Amino acid sequence: MRIRTLPAAVATAALFSSAVLSAAGPASADTSVPISIGTVSDTVVDGAHQHLYISGDSTISVVGYDGKVLSKLSGLPQVSDLQLSPDGSTLYAAVTGADKIVAFDTATLTQTDEYPTGTGTAPRRIALAKGRIWFGYGDQWASGLGEVDLTADPATVSLDLAGAHDFASTPMLYADPANPDTLVALDGGISNGPIIVYDLSSGTPVIRVTANEGGFYQDAVLTPDGQSVLVVGQGHQAVVEYRLSDLQEVHEYPVNSESETVSVAPDGTVAATSLDTENTGDTYVFPGGADAPASVRNLSYAWMPWGGHSTAWSADGTKLFVLTGSSGDRQLQTITEPRKYVSKLTVDAPATGTRGKTLTVKGTLTTGLQLPAGTPLKVTRTDLLSPSGTSLGTRALGANGTFSFTDAPPAGSKVRYTVTYAGDAAHTQASASDTVTVSRATPALTLTNNKKTYAYGKNVVFTAHLGSTYSNRTVEIWADPYGGDKPNKLLKTGRTDAHGNLSATVTMSRDTAVTAVFKGDARYAGRTVKSAAYAHVKTASSLSKYYRTATIGSIRYRYYHKNTDAVLTTTMTYYKGRQERLDLQVYSGGAWHTTDSEYFSLGTNGKSVVNLGHPGTAGVRARVRTSYIDPSSGDSVNTTTYGTWNYLYFSN
């Protein structure tokens, strides 16, 4: 037995356990936390200090009930079996790779003794009885039974105490203070390995009874009274209980596939794990004994041998600890109300519905111990009118574990129906929900100024108009300037006026997507409309190096000497990577003809200076302008903007 408790403490724990079973109210939450340990050989619970001692990887990990590794006792090559002394003050460990058994003070976690068992003995399994540490040692047919006599000073070690049995594998050993003259050994490594019960009353092990029960034992534990052994392992699709007096089978606790680990609480409640090849549940608790259904949980979600003794009750029997997973993905599962049957609720609502129209919600409530028809289930509806949920009262569970109810949802959008079973003394609490998308009317929503173009810097008023709604009259107006350097910005949010309008002003320095947003209410769906408004760039250009101005016809010209270069300076709204387009035309034959069209980059100040050159001939008339062309000027932040023409005349 992995938990050692004095008889008086056993009686107290059993009484406390009964009180737990009769208590009403919802189940506490089970927990699963990652735990930084690898291989597991054995697990022992220290109730006084609320520690779990877990051996494996040449280390004993000292773990709190919360799964936190508090300490590691290292330097223990191939440490395997662990045992607590009856008073809980000492932890004994079989250190297989060092041919010794060591003792630790559980209060200080310091080593207090070590007992070499002999070179090459490789002690692997231990049990405590009659002031001795009984140990199984060796490998295969070289295995045997030995003892460390703690009553001697100094302690003495004896080997070859197996009596008439020749062990084919290292014996698995079990003893209990409730039956101090009895030692149980399992020859678990072969198919015909027996269970052997030794009588220790004379001080020397004497075989009392032996029986072949199939071998390949994976784990075992003694019942709290020390009168029976519970065995699991290969070929056993159950936990099998054998009476120690004659090794007759007295009970079977069935599981779904090969049984892997077993533990028993101080009140006799059996817990076990299975290989669970079909992933239908791997952890079994039998609160009603072998003849009642098990409470089944699915904790591992993986098909793999559990390895070692990895299931243990708390010392008071109120919690069950189960180690799942493998190295690198180990979890400590804590079942807080292990004797309760797990309740599982499902809720199935229609995918869609119509507001105000009746719909039907169905579901099931299943548990290992069937609940009676009429069991009350609480129903809650959560929607836009009741975001914190509103009670729809209770509904009765049907005879076959099903339920259904109808409702006419008063609000649209997402409507969630939650069904809750409060649990009772034998069943855990359960809750589940499903969501219906309920239709809503589409409101009228418009926004002015779509596809209009404005001069640079103009303040433009955008007005959103909202039609009929149920309760919400709030509209948001957002402005998202083109270009990745400016974010979408909320300009205004508020209730519409008596005419359903809300307005906001945008300064048009760029093309801008203006959006009106209505977020909906219980009867009208949310809606968004958008206006794309366009803004010209601000641009100006001027000529220099001319010697006078004069009018030809109705147009004012800048006069240049025929050999003087004309220089054009342009200022344009700057944007990263932006270029101006320069167009140059010459007047001939009564019409203007383009001679050049070229792009020039703007400086970070938005300026560009271009030398236009000179013709070298008098009487030439020309004109030049600069423009922003979307997207040829390098971006699409503004709309295409053509500058004004500047006119030139070259003379002698």
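The values are calculated or read from the model by the stated rules, or taken from the named source; none is laboratory data. This is a predicted model, so every value here is computed, not measured. FYI the Cβ positions are ideal-geometry reconstructions off the backbone, even for glycines, and counts take in every protein chain you see.
Which one of these is assigned by TED's automatic domain parsing to the domain that holds Leu385, crowded, with 16+ Cβ neighbours inside 10 Å and touching a Leu at 6+ places or on another chain (Cβ under 6 Å): Ala504, Ala479, Ala430?
Values: Ala504 fails: assigned by TED's automatic domain parsing to the domain that holds Leu385; Ala479 fails: assigned by TED's automatic domain parsing to the domain that holds Leu385.
Going through Ala504, Ala479, Ala430 in turn, just one is assigned by TED's automatic domain parsing to the domain that holds Leu385, crowded, with 16+ Cβ neighbours inside 10 Å and touching a Leu at 6+ places or on another chain (Cβ under 6 Å): Ala430.
Can you tell which of Ala168, Ala107, Ala178, Ala152 is aliphatic (A, V, I, L, M), touching a strand residue (DSSP E or B) at 6+ places or on another chain (Cβ under 9 Å) and not assigned by TED's automatic domain parsing to the domain that holds Val262?
Working: Ala168 fails: touching a strand residue (DSSP E or B) at 6+ places or on another chain (Cβ under 9 Å); Ala107 fails: touching a strand residue (DSSP E or B) at 6+ places or on another chain (Cβ under 9 Å); Ala152 fails: touching a strand residue (DSSP E or B) at 6+ places or on another chain (Cβ under 9 Å).
After applying the criteria, what remains is Ala178.
When you go through (1) surrounded by 14 or more Cβ atoms within 10 Å (Cβ to Cβ); (2) under 36 Å from the mean Cα position of the chain (by Cα); (3) on the phi < 0 side of the Ramachandran plot; (4) at pLDDT below 95 one by one for Ala14, which number turns out not to apply?
The one condition Ala14 does not meet is (2).
Are any residues in the range 598-640 in contact with a Ser or Thr (Cβ under 6 Å, 6 or more places away or on another chain), in a strand (DSSP E or B) and over 18 Å from Tyr557 (Cα atoms), and if so, which ones? Before the answer, list the steps.
Just the residues of the range 598-640 that are in contact with a Ser or Thr (Cβ under 6 Å, 6 or more places away or on another chain), to begin with: 600, 602, 606-609, 614, 618, 626, 628-630, 639.
When the remaining residues are screened for being in a strand (DSSP E or B), the result is 600, 607-609, 626, 628.
Once the filter is applied, which keeps residues that are in contact with a Ser or Thr (Cβ under 6 Å, 6 or more places away or on another chain), in a strand (DSSP E or B) and over 18 Å from Tyr557 (Cα atoms), the range 598-640 yields Phe600, Lys607, Ser608, Val609, Tyr628.
Among Asp246, Asp291, which is closer than 20 Å to Pro194 by Cβ, surrounded by fewer than 24 Cβ atoms within 10 Å (Cβ to Cβ) and out of contact with any Ser or Thr (no Cβ under 8 Å at 6 or more places or on another chain)? Reasoning before the result, please.
Numbers: Asp291 fails: closer than 20 Å to Pro194 by Cβ.
Answer to the check: Asp246.
When the range 246-305 is examined, which residues are found to be part of a strand (DSSP E or B), in contact with a Pro (Cβ under 8 Å, 6 or more places away or on another chain) and closer than 21 Å to Ala425 by Cα? Give the derivation first.
As a first pass, look at the range 246-305 and keep what is part of a strand (DSSP E or B): 249-254, 259-264, 270-274, 283-286, 295-297.
Of the ones still in play, those that are also in contact with a Pro (Cβ under 8 Å, 6 or more places away or on another chain) are 260, 264, 271, 285, 295.
Residues satisfying the conditions are Val264, Ala271, Val285, Ser295.
In the range 362-411, which residues are more than 32 Å from the chain's Cα centre (by Cα), assigned to a strand (DSSP E or B) and more than 29 Å from Arg523 (Cα to Cα)?
Of everything in the range 362-411, just one residue is more than 32 Å from the chain's Cα centre (by Cα), assigned to a strand (DSSP E or B) and more than 29 Å from Arg523 (Cα to Cα), namely Ala396.
Among the residues of the range 490-498, are any surrounded by fewer than 18 Cβ atoms within 10 Å (Cβ to Cβ), touching a Pro at 6+ places or on another chain (Cβ under 8 Å) and hydroxyl-bearing (Ser, Thr, Tyr)?
Scanning the range 490-498, I find no residue that is surrounded by fewer than 18 Cβ atoms within 10 Å (Cβ to Cβ), touching a Pro at 6+ places or on another chain (Cβ under 8 Å) and hydroxyl-bearing (Ser, Thr, Tyr), so the answer is no.
Can you name the residue in the range 315-335 that is in a loop (DSSP other than H, G, I, E, B), surrounded by 15 or more Cβ atoms within 10 Å (Cβ to Cβ) and on the phi < 0 side of the Ramachandran plot and, of all such residues, is nearest to the chain's Cα centre (by Cα)?
Let us first name the residues in the range 315-335 that are in a loop (DSSP other than H, G, I, E, B), namely 315-319, 325-330.
Then keep just the ones that are surrounded by 15 or more Cβ atoms within 10 Å (Cβ to Cβ); that gives 315-319, 325-326, 330.
Going one step further and asking which of them are on the phi < 0 side of the Ramachandran plot, we end up with 315-316, 318-319, 326, 330.
On the way: Ala315: 31, Asp316: 31, Thr318: 27, Lys319: 24, Ser326: 19, Arg330: 15 Å.
Among them, the one singled out is Arg330.
Yes/no per residue for (1) surrounded by 15 or more Cβ atoms within 10 Å (Cβ to Cβ); (2) at pLDDT below 95; (3) in contact with a helix residue (DSSP H, G or I) (Cβ under 9 Å, 6 or more places away or on another chain); (4) not small (Gly, Ala, Ser):
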position	(1), (2), (3), (4)
Gly374	no, no, no, no
Thr382	yes, no, no, yes
Ser388	no, no, no, no
Ser391	no, no, no, no
Ser404	no, no, no, no
Ala411	yes, no, no, no
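Filter the range 524-569 for residues that are polar (S, T, N, Q) and within 60 Å of the chain's Cα centre (by Cα); which is farthest from Arg355 (Cα to Cα)? Talk me through it step by step, then tell me what you get.
Going residue by residue through the range 524-569, those that are polar (S, T, N, Q) are 528, 531, 539, 541-542, 544, 549, 551, 554, 563-564, 569.
The next check asks that each one be within 60 Å of the chain's Cα centre (by Cα); those that pass are 528, 531, 539.
Working: Thr528: 22, Ser531: 31, Thr539: 56 Å.
So the residue we want is Thr539.
Please verify whether the range 304-316 includes one or more residues that are of a type outside the set (A, V, I, L, M) and touching a helix residue (DSSP H, G or I) at 6+ places or on another chain (Cβ under 6 Å). Explain how you work it out, then say what you get.
Initially, the range 304-316 is screened for residues of a type outside the set (A, V, I, L, M), giving 305-311, 313-314, 316.
Subsequent filtering for residues that are touching a helix residue (DSSP H, G or I) at 6+ places or on another chain (Cβ under 6 Å) retains 316.
Yes, the range 304-316 contains at least one residue that is of a type outside the set (A, V, I, L, M) and touching a helix residue (DSSP H, G or I) at 6+ places or on another chain (Cβ under 6 Å).
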